[in-house]
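The values are calculated or read from the model by the stated rules, or taken from the named source; none is laboratory data. Everything numeric here is computed off the predicted structure, so don't read it as measured data. A quick note on method: Cβ atoms are made from the backbone with ideal geometry, for glycine too, and the neighbour counts reach across all protein chains shown. Calculation scope for accessible area: heavy atoms of the full protein, side chains included, ligands and nucleic acids excluded. Shrake-Rupley method; radii C 1.70, N 1.55, O 1.52, S 1.80 Å.
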Amino acid sequence: MKFYFAPMEGITGYVFRNAHHACFPSVDRYYTPFISPNQNRPMSPKEKRDVLPENNRNIPLIPQILTNNAAQFLQATKVLSDMGYEEVNLNLGCPSATVVTKGKGAGFLGEKEKLRAFLDEVYEQTPIPVSLKTRLGMRDPMEIVELLELFHPYPVKEWILHARIREDYYKYEPRLDAFEVAAKKSPFPLCYNGDIFSVADYERICQRFPRIQSVMLGRGLMANPALVRQIQGGSPCTKEEFLSFHNRICHGYEEIMSGDRNVLFKMKELWAYWENLFTGEEKRIKKIRKANSLAEYDAAVSILLEQADFASDIKKS
Ligand SMILES: Cc1cc2nc3c(=O)[nH]c(=O)nc-3n(C[C@H](O)[C@H](O)[C@H](O)COP(=O)(O)O)c2cc1C
């Protein structure tokens with residue numbers, strides 16, 4: 001089984017990725033949060049920094065592109081291929097209203113003829129293989145049947161399928177019956193994505209879909225950075241490991257961001273996931289959230305880590 005770290009916009013950028021790969025090297029591949037090309041440029045300076053090879057040394061990384069314009073997709077792919085990347089991923093899953101109303105991300109799944117023309121052009125001209133990351137459909141999980149037909153003629157490198165429709169966003173249970181239709185019929189390597197938060201969740205997916213050879217984890221791996229290691233039979237995350245991981249991320253942001261405020265904002269975002277590692281520690285975690293300076297933040301984190309119990313097996317489901 002191969003394990004992929006899901007792309008998460010605003011979270012899994014190169015600072016986070018480097019820290020995770022150094023501390024928990026069990027993940028086979030990372031995906032960048034989406035790059036959004038436009039008519040003026042294949043990527044923004046921030047997006048470029050995120051994919052620069054010198055910022056991702058020794059990290060197995062697949063850049064992801066979000067667009068519904070084939071020429072812009074191909075331009076960005078050319079830049080990435082020139083940097084040395086050997087695969088790019090097309091985002092057909094983003095559910096956010098601003099993306100979907102422009103007919104991009106999951107919104108592109110609702111415009112089948114336009115999507116077909118886009119894929120014709122992309123697969124004919126791309127200099128490197130293209131994989132897809134999609135949902136089951138826009139409104140109805142059985143749209144998966146049409147998507148299977150639509151994708152069938154193309155040399156799709158891999159199909160990462162989040163077992164939800166656009167209208168689910170990240171809510172409700174993954175729709176495993178619809179995923180099974182793709183698992184049975186996909187002519188391409190199919191990767192399962194959706195709600196793997198524990199070893200037991202992973203085992204249930206393997207039992208139900210024995211032919212799957214890769215899984216992608218997002219929120220579960222954010223909440224428990226050692227989850228892949230545990231799935232592989234290894235030990236849970238220790239407090240010392242967590243602190244070292246945390247400090248690498250924090251120092252990484254301090255190096256590239258100016259001012260406490262921005263660093264604090266980025267670190268506090270991560271605690272929405274990490275709070276699951278601590279049980280009954282709402283008060284101490286609130287202190288972290290309320291910190292107004294990095295000094296206050298560091299003190300609050302130190303107190304939490306000195307005094308709290310560490311729940312290495314998070315969010316059992
Ligand atoms: C905050 C956030 C940001 C995300 N950003 C992206 C993104 O840039 N590209 C993408 O394909 N999916 C993105 N996703 C979706 C995840 O990659 C993944 O498909 C989803 O979280 C389901 O997997 P999980 O249940 O393991 O978290 C994002 C999800 C979240 C919660």
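When region 1-26 is limited to residues that are among the aliphatic types (A, V, I, L, M) and not in a loop (DSSP other than H, G, I, E, B), the one that is nearest to the ligand (Cβ to nearest atom) turns out to be 15. Looking only at region 196-213, residues that are more than 16 Å from residue 230 (Cα to Cα) and either of a type outside the set (Val, Ile, Thr) or within 12 Å of the ligand (Cβ to nearest atom) (or both) come to 6 in all.
Only one entry of 143, 167, 180 meets the criterion of being among the acidic types (Asp, Glu) and in contact with a Leu (Cβ under 7 Å, 6 or more places away or on another chain), and that entry is 143. Of the residues that sit in region 287-302 and are closer than 19 Å to residue 239 by Cα and either of a type in the set (Ser, Thr, Tyr) or modelled with pLDDT under 95 (or both), which one is most open to solvent (accessible area, probe 1.4 Å)? Per the stated criteria, the residue is 302.
Looking across 296, 241, 269, 282, one residue alone is of a type in the set (Asp, Glu) and touching a Lys or Arg at 6+ places or on another chain (Cβ under 9 Å). It is 296. Looking only at residues in region 179-195 that are in a helix (DSSP H, G or I) and crowded, with 21+ Cβ neighbours inside 10 Å, the one that is nearest to the ligand (Cβ to nearest atom) is 179. When residues in region 79-109 are screened for being under 18 Å from the mean Cα position of the chain (by Cα), farther than 14 Å from residue 43 by Cβ and not in a helix (DSSP H, G or I), 9 of them pass. Of all residues assigned to region 15-26, at least one qualifies as being of a type in the set (D, E, K, R), assigned by TED's automatic domain parsing to the domain that holds residue 102 and surrounded by 21 or more Cβ atoms within 10 Å (Cβ to Cβ). Taking the numbered list (1) surrounded by 14 or more Cβ atoms within 10 Å (Cβ to Cβ); (2) in the same structural domain as residue 155 (by TED's automatic domain parsing) in turn, residue 211 passes all entries but (1). If you take the residues in region 257-282 that are modelled with pLDDT under 95 and open to solvent by 80 Å² or more (accessible area, probe 1.4 Å), which one is nearest to residue 242 (Cα to Cα)? Only one residue fits best here, namely 279.
Every condition in (1) over 25 Å from residue 24 (Cα atoms); (2) assigned to a helix (DSSP H, G or I); (3) open to solvent by 50 Å² or more (accessible area, probe 1.4 Å) holds for residue 118 except the one numbered (3). Does region 56-78 contain at least one residue that is of a type in the set (S, T, N, Q), open to solvent by 10 Å² or more (accessible area, probe 1.4 Å), more than 24 Å from residue 250 (Cα to Cα) and assigned to a loop (DSSP other than H, G, I, E, B)? The answer is yes; a qualifying residue exists. Given 150, 176, which one is in the same structural domain as residue 61 (by TED's automatic domain parsing), open to solvent by less than 10 Å² (accessible area, probe 1.4 Å) and out of contact with any Cys (no Cβ under 8 Å at 6 or more places or on another chain)? Of 150, 176, the one residue that is in the same structural domain as residue 61 (by TED's automatic domain parsing), open to solvent by less than 10 Å² (accessible area, probe 1.4 Å) and out of contact with any Cys (no Cβ under 8 Å at 6 or more places or on another chain) is 150.
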